[in-house]
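Let me begin by presenting the structure, written as structure tokens, before commenting on it.
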Amino acid sequence: MNNFRAPLNKLKHLGFLVLLLLSTNLTFAQGFEGSKQIFESPKLKAAIPTHHTVAILPFDAKITYRKQPKGFNAEANRDQEETMSKSIQASLYTFLLRKADNYSVSFQDVDKTNILLKKAGLYGKLDQATRDEVAKALGVDAVLGGRFETEQTKTEGAAIASAVLFGGLGGKTGTGSLFLTLNNGNDGELLWRFFKTMDDGITSSTDDLVERMMRKVSRNFPYAKN
């Protein structure tokens, strides 16, 4: 009889571990998407019908580390921030273009946007101009911009180890916050703002970030057709 109890106890122990891992995965899944906040100006509804073309600006990207990695290179970090800035801009344009029929406006090609910004001496210097000045330089009715900040909290190797242990849901490498803003072209006034916190997983790309963000924006996006 004792010979049967040992395997039975092992099975009970294994079952407990499986339940514990499933519970942990569920907790990770529930916490994966952070909080969101949406601001709408009282002037938003009146302004939207006057907009026909909207430009998507390069995002302000900031990458920091909770613990600075060995061999940290500030110049390389700035290059990475610039790359992320343009990548988020391109990913957002691609997403909106893919669902163009759902929106009441057209979005200016981001390559054209960046060329016009460079011609106006505004590329990389958007914080030195008002949004109405930017809109005038681009010839658009409104500008859609934003900021992405991420703090890296775990090395990729450690994240992969966690992902293996927790079935992919523990593999986050950092945390981030994403702002999306819409400013009126005539006066530069802020009409709408979306803010969201999120975890940055080892498989995250700017396409993933934008996809997750826009899923949360959903029908709250100003240009979404009813």
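Can you name the condition, by its number, that PRO42 falls short on among (1) at pLDDT 90 or above; (2) surrounded by 10 or more Cβ atoms within 10 Å (Cβ to Cβ)?
Among (1) at pLDDT 90 or above; (2) surrounded by 10 or more Cβ atoms within 10 Å (Cβ to Cβ), the lone unmet condition for PRO42 is (2).
Being farther than 26 Å from GLY176 by Cβ, more than 18 Å from the chain's Cα centre (by Cα) and either open to solvent by 70 Å² or more (accessible area, probe 1.4 Å) or at pLDDT below 95 (or both) is the requirement here; does LYS119 meet it?
Yes.
Taking the residues in region 45-66 that are over 26 Å from ASN114 (Cα atoms) and touching a residue at least 60 places away in the same chain (Cβ under 8 Å) as candidates, determine which candidate is least open to solvent (accessible area, probe 1.4 Å).
Looking at residues that are over 26 Å from ASN114 (Cα atoms) and touching a residue at least 60 places away in the same chain (Cβ under 8 Å), I get TYR65.
Determine if region 68-88 includes at least one residue that is closer than 25 Å to TYR223 by Cβ and open to solvent by less than 30 Å² (accessible area, probe 1.4 Å).
Yes, region 68-88 contains at least one residue that is closer than 25 Å to TYR223 by Cβ and open to solvent by less than 30 Å² (accessible area, probe 1.4 Å).
For region 177-198, enumerate the residues that are over 16 Å from LYS43 (Cα atoms) and either at pLDDT 95 or above or open to solvent by 10 Å² or more (accessible area, probe 1.4 Å) (or both).
Correct list: SER177, PHE179, PHE195, THR197.
Scan region 33-91 residue by residue and report those that are within 24 Å of VAL140 (Cα to Cα), assigned to a helix (DSSP H, G or I) and of a type in the set (Ser, Thr, Tyr).
Within region 33-91, THR50, SER85, SER87, SER91 qualify.
Kindly provide the set of residues from region 126-154 that are out of contact with any strand residue (DSSP E or B) (no Cβ under 7 Å at 6 or more places or on another chain), buried (at least 16 other Cβ atoms within 10 Å of the Cβ) and not in a helix (DSSP H, G or I), ordered by number.
Answer for region 126-154, where residues must be out of contact with any strand residue (DSSP E or B) (no Cβ under 7 Å at 6 or more places or on another chain), buried (at least 16 other Cβ atoms within 10 Å of the Cβ) and not in a helix (DSSP H, G or I): just ALA129.
The values are calculated or read from the model by the stated rules, or taken from the named source; none is laboratory data. Since we're looking at a predicted model, the values are computed, not measured. Please note: Cβ atoms are built from the backbone with ideal geometry, for glycine as well, and neighbour counts cover all protein chains shown. The accessibility values were calculated without ligands, DNA or RNA, using every heavy atom of the protein model including side chains. Shrake-Rupley method; radii C 1.70, N 1.55, O 1.52, S 1.80 Å.
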